[in-house]
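Structure record follows, encoded as structure tokens.
What follows is calculated from the coordinates using simple rules that are stated; it is not laboratory data. Keep in mind that what you see is a predicted model, and the values were worked out from it rather than measured. Positions of Cβ are backbone-derived with ideal geometry, glycine not excepted, and every protein chain shown enters the neighbour counts.
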């Protein structure tokens, strides 16, 4: 059984990989049409001067300026030698100026002028735009569309650019190609798929091979072929040290394993090997690990080789949530960064499940050094953006209770240039984030003992802040089941609960209290999930018999729904943020007919209050925070 | 003859074009492999939950947690019901926890444990990653490679994206396709070529038609076809109001001309028309005008339509040179922006000849409002970058005397991540720019009366600055001709001169003085060009018989060379800039074997002093600034 070699640092892993990259760069000649995004291998020179010979810049006559010296209004001069030329015509070498036709008196073949011509006036001299052999582009230049005008105009046809070919081999008996519906226990191949797309976007040639099952001989065969056909080979999964992890062993047999295990998290079980002098990478199977290894190892190696991936800026941001970390590994955490009133904040994405969605939702990441111990909420951190700053500046951070309607709002505002990053931490979690001024809007539905929603909680927890509440909808919460169960049945069946701090959990507790039901008697009361849809999925999968969620989640999965209560789902927003164009766009979207029709289509929403903005009065006597 | 309609403002032109864009967005379904760079037309939802059913997260046994409650080290429990599972196996609904195999004592079919299992431990519940119908991507989202993992993994196959098709028709009897060598008077089509590449980089479908000659019927035919086949049609050139400018007339015949003339410079003679309800743009022929119309009119319209071109930041920069401007038009000036010691400076690019190279060399532009009167050197201006800030931060501004060796240095440092922007203003121009701290390095070769180079001038003009000089080479200057002419011949033949303030001009004047030759007796003394290669081109084209330039320029065009002097060509650099990594990269490049071999290959350079860094002592008695 293969064991990890000694785990090495990220810097050391990069150094090892760099030594394996080809010393001589591969190049190919591509037509101009295909050159955008490629990197020049050599300086590109003008094939000819433009203009190649001097040309008239006017309609007029070409003259020898010396002949014109004495001309004036009083003393017109009839020229001994002149030639009629139009704009763009060649001016023969014996002439050194052009006089505009408007200034010439023409009789038959004779030209009379009343003003001297300065030498070289109205002439576009040869080489005025560019001289033959002058450099158009240096070597190592990333070709952009606006370069093509000069390249075409100055006689460049083919252009020699850097080339690099990467093969990607997905492995795993449980892995299937995308486009098929996975059976339980199967997973869709996605690591090689997104890695190949990423490489192609950097103009790397990729060869994405079919999936190889966990069979040592087949893996060996695939690797031999892949090494032969590419400059670098990536094998996805099988890079750990388990019984079915053959990658390291096969690489060791065919060549040499130089690194097995890098002190990064995620991404530790990476292999760097060499077969026939070519670099071979064993990519870990966990998607965030694969992302990290691609970003931190493979792409830097391609950059050293000379390719030019897009670069994005780093910003300083305040962290919204504490990030735990063990000493010993460099750790990478995806974040959603957003700018709030001139300060950046960074919301750490989940590092656990739903990792593919973390990749989709994030717009940057943190790197915590090996000797660091984690970062506290509120600490300033350096966030490396993975999008342009302009795009990150469009982020609108919505943190709190989740409703599928928020996703639809994201669609509506995206067309207006606002990118919603929503994080589901429940109503109370959102309220506490808003208190730290770390989100633009906090969705909530917090039922107070007096039967009103949200305001009493804001008054208690944010007594000093000027706030408004934007009503998204009044929505129905109720029991979801396959058979139509209701609150009466809650003790008899297995329940799936929402997490503490969520408004739905608080709603449940309110009604359990009212019905005098002891939570300890409910099977599954401790089984927590974090979204309405997750409740519905748990019910549909048979994991639970009933749960509490919004109507739209039950309807989306064709489940039965027994209404319990209608609640006011609102976005709490700091009043000063109402001047923010992103918040204004959000408010317009909530009030738009398109959003009303989304709510109607999803069902379970009353829209009479949708779009209503109410002020939160400064606090009066406090309500009891514990219902 | 067509005349301009009333010239309208840029804002009005944008408004008119916006009204012509299709109200209903066109979409198409593309496979995931082709989705990167496209914009989603609809929200994209998960086709199934992942996992679809709960799975074991460990190798172990699935259990009912209730059965395990009493287990402890002292009181092992043999389970009545348990199932052996491996990681990824389905956990049937009757179980609600998994115990790791290491914690189980197995005898035949019986499992004994010594520790209670928490409900839901080591189980990946259904929907943990994503719930069926949960939104993966909102509408109006620009798809990036890292989105593809989630899309593939969560069952998305085809993806509905925005579509837009633009046709481009180049016109002009003097225009030829690129790849052919233009005869005198011909020009290579480059406007539609770079515009199409630009549009394709935004994932617009383009149809680039063959060139149509200046024939009204043929142009009409091409436009009819182009309107039929595309959503928007661009016709290049013919948009002015000259006799051969048919575009406006044909558009007017076939539909309606809504705008002819926009108050922007460059770019005024633009046409916005409508044929069969589709927008038709007449693009001016001058390349910078075409660039401006694409950037300021066409791309904003596509952005409003929903496509997402890359966005780059704007910076505040100090202008190195005064920019003149007439009141009445918005004016756009390409610049090279560079960061010097924490401040940005912007070098305006030439607005005249060599415009294609201005496009290549710039990394941003200024917009001067219609009512503005121009900007003075040293003023702070807003520069809209056309590259990422990271790329702009790599710019190394070299302003002063030009030598072909500088272009080769640009190639060498580009591979190290430094982008040289060199501007040719002559030795004295560079020296004065350096005095304003507006360049990183000023190349110069200024011969002082004492026979030494550069230091006396720096001491006189920058007496307060701590400076160093980096020697690029000692290079030969001499007379270039087709026949081997020398200084003896200078009165007898036509000369081509370099501009005032250039070191070469000063060198010539020094030797004319020494040989007691009166400049007034030299034919062509007033005929100035700005580079060594331009001198050589003028000689080869027959425009002049001789000129003064470096050997490499003469050799590049196969001309004869008569040496006059060897001069010290050095880069003046502020001493504090030696800590700048870009300057350090430059110095390494000058000292590299690769650069020495470039100098040797070009010829005419002595390399004994190449790479020598000498300090400029603080001034002693002043030399005479006029030679």
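Bridge orientation summary for the protein assembly as shown: considering DSSP beta bridges with both residues in this region, about 75 percent are antiparallel.
Based on the Kirkwood approach, the hydrodynamic radius assigned to the range A:160-313 is 15.5 Å, with every pair of different Cα atoms included. Counting only DSSP beta bridges whose two residues both lie in chain B, roughly 75 percent are antiparallel. How many angstrom separate the Cα center of the range B:41-65 from the Cα center of the range A:493-536? For the range B:41-65 versus the range A:493-536, the Cα centre distance is 21 Å.
Based on the Kirkwood radius over alpha-carbon pairs, what value in µm²/s does the Stokes-Einstein equation return for the translational diffusion coefficient of the range A:456-545 at 10 °C and 1.306 mPa s? The diffusion coefficient I find is 108 µm²/s. Cα centroids of the range B:85-114 and the range A:88-159: 84 Å apart. Mean partner shielding of peptide A:173-180, defined as the number of other chain Cβ atoms within 10 Å of each residue Cβ, is 3. Each Cα pair of the range B:426-616 feeds into the Kirkwood radius, which the Stokes-Einstein equation turns, at 20 °C and 1.002 mPa s, into a diffusion coefficient of 125 µm²/s.
Spread over its residues, the convex hull of the C-alpha atoms of the range B:221-378 is 133 Å³ per residue.
Among rounded, prolate and oblate, which fits the range A:307-380 when a ≥ b ≥ c are the square roots of the eigenvalues of its C-alpha gyration tensor, a/c under 1.5 means rounded, and a/b larger than b/c means prolate? Rounded, since a/c falls under 1.5.
The helix-only estimate of mean residue ellipticity at 222 nm for chain B, built from DSSP H runs of length n ≥ 4 each weighted as -39500 (n - 2.57), is -7000 deg cm²/dmol after division by the residue total. Relative to the longest principal axis of the Cα atoms of chain B, the long axis of helix B:593-602 lies at roughly 40 degrees.
Ascending distances from the residue B:100 label point to its copies in the other chains, with the point 7 Å along the Cα-to-beta-carbon line: 8.9 nm. Which angle from 0 to 90°, rounded to the nearest 10, does the C-alpha axis of helix B:216-229 make with the longest principal axis of chain B? Orientation of helix B:216-229: about 20 degrees from the principal axis. For residue A:94 and residue B:435, what is the calculated FRET efficiency with R₀ set at 51 Å and r taken between the beta-carbons, to the nearest 0.05? Result of the calculation: an efficiency of 0.70.
Using the Cβ-Cβ distance between residue B:377 and residue B:510 with R0 set to 41 Å, the FRET efficiency works out to roughly 0.90. Any idea how far apart residue B:588 and residue B:256 come out in nm if each label point goes 7 Å out from Cα toward Cβ? Spacing of the two 7 Å Cα→Cβ label points: 6.2 nm.
Look at where the Cα atoms of the range B:448-475 and of the range B:359-405 average out, and the two centres are 27 Å apart. Label-point spacing at residue B:165 relative to the other copies reads 3.5 nm, in ascending order, each point sitting 7 Å out from Cα along Cα→Cβ.
Compared with the dominant Cα axis of chain A, that is its longest principal axis, helix A:426-435 is turned about 60°.
Per-residue packing, averaged as other Cβ atoms within 10 Å, sorts the ranges A:207-215, A:249-257 into the order A:249-257, A:207-215, beginning with the highest.
Take residue A:379, move 7 Å from Cα toward the beta carbon, and the resulting point lies 4.8 nm from the same point in each other copy, nearest first. Its Cα gyration tensor gives chain A an equivalent ellipsoid, and the semi-axes of that ellipsoid, as √(5λ) in whole Å with the largest first, are 63, 39, 21. Show log10 I(q)/I(0) for the range B:56-143 at q = 0.12, 0.16, 0.21 Å⁻¹, two decimals, from a solvent-free Debye sum over equal Cα scatterers. The computed values of log10 I(q)/I(0) come out as -0.42, -0.61, -0.92. Highest mean packing first, where packing is the average number of other Cβ atoms within 10 Å per residue, the peptides A:594-603, B:544-553, A:416-425 line up as B:544-553, A:416-425, A:594-603. Does the range A:7-121 come out rounded, prolate or oblate by the C-alpha gyration tensor, with a ≥ b ≥ c the root eigenvalues, rounded set by a/c under 1.5 and, if not, prolate when a/b is larger than b/c and oblate if not? In terms of gyration-tensor shape, prolate. One equal scatterer on each Cα of the protein assembly as shown, no solvent, Debye formula: the resulting log10 I(q)/I(0) at q = 0.05, 0.06, 0.08, 0.09 Å⁻¹ is -0.45, -0.63, -1.02, -1.21.
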